[in-house]
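Contents: one structure, followed by commentary.
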Amino acid sequence: MSDSNWQPSTLAAQGLGWIDDATKAVSPPIHMSSTHLRDPDNQYRNGRDYIRDDNPSFDQAEALLAKLENGKKALLLSSGMAAATAVFLALRPGDHVIAARNMYWSLRRWLSTYATAWGLQVEFVDMTDLDAFRALIRPGQTKLVWIETPSNPLWTITDIAAVAEIAHKAGAKVTADSTVATPVLSQPLTLGADIVMHSATKYLNGHSDICAGALVTNNIDNAFWQGVAGNRGTLGGIIGSFEAWLLLRGMRSLFPRVERACASAQKLAEGLRRHRWVESVLYPGLSDFPGHALAAKQMKGGFSGMLSIRVKGGEGGAIRTAAAVEIWKRATSLGGTESLIEHRASIEGEGSPVPMDLLRLSVGLENAEDLLADLSNALETAHRN
Ligand code: PLP
């Protein structure tokens with residue numbers, strides 16, 4: 001699309017408006033070749049050689065995501081975990097890292113096991129407590145600060161701009177996992193983050209049918225980013241051509257999907273907090289949620305399609321509620337068109353900060369009244385005996 005001033009939702013709906021030169025197709029071709037022809041004089045003027053370094057099937061999804069995040073360059077990877085670990089493995093053994101205590105559990109576990117054994121010095125902190133964060137930072141030694149906002153599954157909100165200011169003064173880079181916010185609601189790079197990470201398995205794709213990750217930056221001319229980008233090629237965590245194509249197709253409907261999920265999640269949060277079997281609702285869109293004011297400042301257009309409820313009757317009450325739903329699907333993951341319900345603590349296991357009575361809800365595209373009625377009925381059924 002020639003005019004880059006069109007609204008992001010317009011750019012997304014048309015996948016940046018690219019038309020295939022050869023066929024005039026409005027949907028891109030899928031390039032399956034793993035290798036590209038070299039010039040007779042031994043050059044690679046085409047700019048492409050081998051699929052692990054570069055794949056034309058990534059181009060449009062990467063360009064669109066970079067645009068939506070206000071970044072210069074996006075990289076697709078094989079999963080959110082491949083994206084996150086590509087960042088950490090660009091550090092050196094001995095480097096100090098500060099990570100949010102409330103974060104995606106599998107990455108938290110990787111940091112406290114593999115990454116620590118590999119030599120990173122990892123400290124976890126409550127990122128909503130800026131004083132506690134400031135106290136941990138070691139100027140010159142802390143190389144990376146990892147935040148996730150809203151954080152899964154307690155939805156705590158981190159002040160991206162404040163964390164970036166403190167980190168940058170100490171010489172550290174900031175990576176923000178923005179999987180839940182999506183570029184529809186928040187642009188961490190604009191607020192000062194150096195890298196944005198997504199599990200593109202979730203909202204970016206939006207149909208629960210691929211595994212993908214993404215990294216975006218607005219500063220490619222530095223050794224750290226080059227190390228991260230190099231890790232994609234050398235560790236080999238690339239996604240397939242078809243998955244990249246599906247991801248672009250999913251991103252075309254990102255805006256209406258996220259907007260609808262946000263509106264439904266807000267209705268559900270307000271409805272469920274009045275339910276007699278719900279102890280509390282965790283949702284940044286509720287005015288008495290601890291991070292609400294900050295979320296309203298740094299997120300635009302909604303508070304995400306994710307919320308959690310704490311169910312009366314403890315773990316048993318929560319598990320019986322999840323067992324009694326009809327529309328909601330009992331499954332892990334999030335950000336698809338179908339609504340998912342999950343007893344989270346039993347997935348995360350020992351050391352998880354998630355309460356046993358918590359159910360995580362990923363709100364899909366179904367009718368919000370149906371979703372509320374189904375969950376209300378399930379809560380009643382679970383507490384009948
Ligand atoms: N970050 C968040 C917030 C997630 O919810 C997940 C997965 O659930 C990940 C990262 C990891 O992504 P993936 O499963 O694509 O590796």
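The values are calculated or read from the model by the stated rules, or taken from the named source; none is laboratory data. What you are looking at is a predicted structure, and each value in this text was computed from that prediction instead of being measured. Cβ coordinates were reconstructed from backbone atoms using ideal geometry, including for glycine residues, and neighbour counts include every protein chain displayed. Keep in mind that these areas ignore ligands, DNA and RNA; they rest on the heavy atoms of the full protein, side chains included. Shrake-Rupley method; radii C 1.70, N 1.55, O 1.52, S 1.80 Å.
Some notes on this structure:
- Some residue of segment 127-142 being within 16 Å of the ligand (Cβ to nearest atom) and either assigned to a loop (DSSP other than H, G, I, E, B) or modelled with pLDDT of 95 or more (or both): yes
- Residues (open to solvent by 80 Å² or more (accessible area, probe 1.4 Å) and either in contact with a strand residue (DSSP E or B) (Cβ under 8 Å, 6 or more places away or on another chain) or in contact (Cβ under 8 Å) with a residue 40 or more places away in the chain (or both)) located in segment 40-66: Tyr50, Arg52, Asp53
- When the test is whether a residue is touching a Ser or Thr at 6+ places or on another chain (Cβ under 9 Å) and surrounded by 24 or more Cβ atoms within 10 Å (Cβ to Cβ), Ser199 passes it.
- Single residue of segment 74-86 satisfying the filter (touching a Lys or Arg at 6+ places or on another chain (Cβ under 9 Å) and part of a helix (DSSP H, G or I)) that is nearest to Trp105 (Cα to Cα): Gly80
- Per the listing Leu340, Leu286, the residue uniquely closer than 29 Å to Phe255 by Cα, away from the ligand (no atom under 16 Å from the Cβ) and without any contact (Cβ under 8 Å) to a residue 40 or more places away in the chain is Leu286.
- Any hit, segment 297-316, residues being among the polar types (S, T, N, Q), over 26 Å from Pro183 (Cα atoms), touching a Leu at 6+ places or on another chain (Cβ under 9 Å) and surrounded by 17 or more Cβ atoms within 10 Å (Cβ to Cβ): no
- Scanning segment 146-173 for residues that are open to solvent by less than 30 Å² (accessible area, probe 1.4 Å), away from the ligand (no atom under 16 Å from the Cβ) and touching a helix residue (DSSP H, G or I) at 6+ places or on another chain (Cβ under 7 Å) yields Ala162, Val163, Ile166.
- Among the residues of segment 169-203, those identified as under 12 Å from the mean Cα position of the chain (by Cα), of a type outside the set (Val, Ile, Thr) and assigned to a strand (DSSP E or B) are Ala176, Asp177, Met197, His198, Ser199.
- Taking the listed residues Ala12, Ala74, Ala83, Ala90, the one that is closer than 20 Å to Ile210 by Cβ and touching a Gly at 6+ places or on another chain (Cβ under 9 Å) is Ala83, with no other qualifying.
- On the stretch given as segment 344-356, residues that are open to solvent by 20 Å² or more (accessible area, probe 1.4 Å) and away from the ligand (no atom under 11 Å from the Cβ) total 8.
- Filtering segment 106-126 to residues that are within 22 Å of the chain's Cα centre (by Cα), aromatic (Phe, Trp, Tyr) and away from the ligand (no atom under 16 Å from the Cβ) leaves nothing.
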